[in-house]
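Engineer: Handing you a structure now.
The values are calculated or read from the model by the stated rules, or taken from the named source; none is laboratory data. Treat the numbers as computed from the prediction; the structure is a model and nothing was measured. Using ideal geometry, Cβ is built from the backbone for each residue, glycine included, and neighbour counts are taken over all protein chains shown.
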């Protein structure tokens, strides 16, 4: 027997960038959208009664949010050691599925984890898909592919890269190919490259940690095996090299050269800015003990990013939205929609365009645009019912009290209030004697 749900009388934002549809009804059959109409103009093939009708007059219905940058394995770590070393794979996996429930309840019905410790993101995805736990749909990467002296190569050379770390060192092209194949064997959806070199932090003339040939090797191997590729790329030379290599989207692009905007546009390479992590440090870092020097570094980065991305948006480069949730400054279930707010506040995007970035554009980048990301017939009924109009106040997306309901696959998501919390365990924390020196 078919299960039929109708949400009637709402203002509907379908996620594609089209104008909102007033007095709309959305019909869901067996979890997928069957039809959308307005003003009682019910299609002839949708005449059968619904099992449940939700009256949504005065409310706005939008697609469920998609966070393109959520590290579900990181466990809200405060340091690289807490993210990469402490806890162990068993604990990290259990913690991940617990945190994924908070992500779903916040209105994020899908997310991409672009870089995981161990193989936690894949395990979390599979457990959710298997019906073992509630959670969003997950587009999962494995460990970052990294070269010596690259962004994710945090640890001293004498120690090497721990097997638990978010990055995996691949010093040769053969190792890069082998790692891509290994990750595909282990069921990843996405291959993540850690593209920036540490040399670029201090030298603007420095190059990425991979050569053009090495980047092409990774991308071609992954694409040949049917996987998407993204790249951590704050610096201009990395962004340009990534676009030339054919990555599917670039992350950050904070110091992008405006001269390379045309390259991204011609190749239709989207940018996922992930401003939330940086903006939180700039705006709230002093309140939570962030090193003042790091706050200044992030302030310079945010200023550069805003300047570059405004030009990219004006030129028509596709934009994605991702929060970089998973760190102590971006806890799960709290900051996901902040990225969409920042697109409006800092980048000057129209609310409707920012919503599209955080729904349809993200789905398209994953190759999921025919499944999720918009409220069109045939897609899964992943949606939010809002008490308010995000076009008038984009902050409604972050206000838990104004999210009247979350649906995933046409099923109402149970939501706990207050949001569940837990005590951090001793085995997942590094020892910090103090955050600042005790000077006499």
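Engineer: Any idea which residue in region 241-259 is surrounded by the fewest Cβ atoms within 10 Å (Cβ to Cβ), counting only those that are part of a helix (DSSP H, G or I) and out of contact with any strand residue (DSSP E or B) (no Cβ under 9 Å at 6 or more places or on another chain)?
Structural biologist: The qualifying residue surrounded by the fewest Cβ atoms within 10 Å (Cβ to Cβ) is 259.
Engineer: Say whether the condition of being exposed (fewer than 15 other Cβ atoms within 10 Å of the Cβ) and part of a loop (DSSP other than H, G, I, E, B) is met by at least one residue in region 63-76.
Structural biologist: No, every residue in region 63-76 fails to be exposed (fewer than 15 other Cβ atoms within 10 Å of the Cβ) and part of a loop (DSSP other than H, G, I, E, B).
Engineer: When region 127-147 is examined, which residues are found to be farther than 17 Å from residue 382 by Cβ and either at pLDDT below 95 or touching a strand residue (DSSP E or B) at 6+ places or on another chain (Cβ under 6 Å) (or both)?
Structural biologist: 140, 141, 143, 144, 145, 146
Engineer: Would you confirm whether any residue within region 127-141 is buried (at least 22 other Cβ atoms within 10 Å of the Cβ) and over 15 Å from the mean Cα position of the chain (by Cα)?
Structural biologist: no
Engineer: Moving on. If you go through region 79-110, how many residues are in contact with a strand residue (DSSP E or B) (Cβ under 8 Å, 6 or more places away or on another chain) and either surrounded by fewer than 19 Cβ atoms within 10 Å (Cβ to Cβ) or on the phi > 0 side of the Ramachandran plot (or both)?
Structural biologist: Summing the residues that are in contact with a strand residue (DSSP E or B) (Cβ under 8 Å, 6 or more places away or on another chain) and either surrounded by fewer than 19 Cβ atoms within 10 Å (Cβ to Cβ) or on the phi > 0 side of the Ramachandran plot (or both) in region 79-110 gives 1.
Engineer: Follow-up question, since we're still on this one. Which is within 22 Å of residue 249 (Cα to Cα) and either surrounded by fewer than 23 Cβ atoms within 10 Å (Cβ to Cβ) or assigned by TED's automatic domain parsing to the domain that holds residue 231 (or both), of 371, 345?
Structural biologist: 371
Engineer: For region 33-62, which positions are surrounded by 15 or more Cβ atoms within 10 Å (Cβ to Cβ) and in contact (Cβ under 8 Å) with a residue 40 or more places away in the chain?
Structural biologist: Hits for region 33-62 are 33, 34, 35, 36, 50, 53, 54, 56, 59, 60, 61, 62.
Engineer: Might you let me know whether region 90-105 holds any residue that is assigned by TED's automatic domain parsing to the domain that holds residue 168 and part of a loop (DSSP other than H, G, I, E, B)?
Structural biologist: no
Engineer: Looking for something without any contact (Cβ under 8 Å) to a residue 12 or more places away in the chain, in the same structural domain as residue 157 (by TED's automatic domain parsing) and under 26 Å from residue 338 (Cβ atoms) - is there at least one such residue anywhere in region 273-283?
Structural biologist: Taking every residue of region 273-283 in turn, at least one turns out to be without any contact (Cβ under 8 Å) to a residue 12 or more places away in the chain, in the same structural domain as residue 157 (by TED's automatic domain parsing) and under 26 Å from residue 338 (Cβ atoms).
Engineer: Scan 171, 208, 204 and give me the residue that is surrounded by fewer than 16 Cβ atoms within 10 Å (Cβ to Cβ) and within 24 Å of residue 274 (Cα to Cα).
Structural biologist: Testing whether each residue is surrounded by fewer than 16 Cβ atoms within 10 Å (Cβ to Cβ) and within 24 Å of residue 274 (Cα to Cα) leaves just 204.
Engineer: Filter region 328-354 for residues that are under 17 Å from residue 96 (Cβ atoms) and out of contact with any helix residue (DSSP H, G or I) (no Cβ under 6 Å at 6 or more places or on another chain) and give the result.
Structural biologist: Scanning region 328-354 gives 328, 331, 334, 336.
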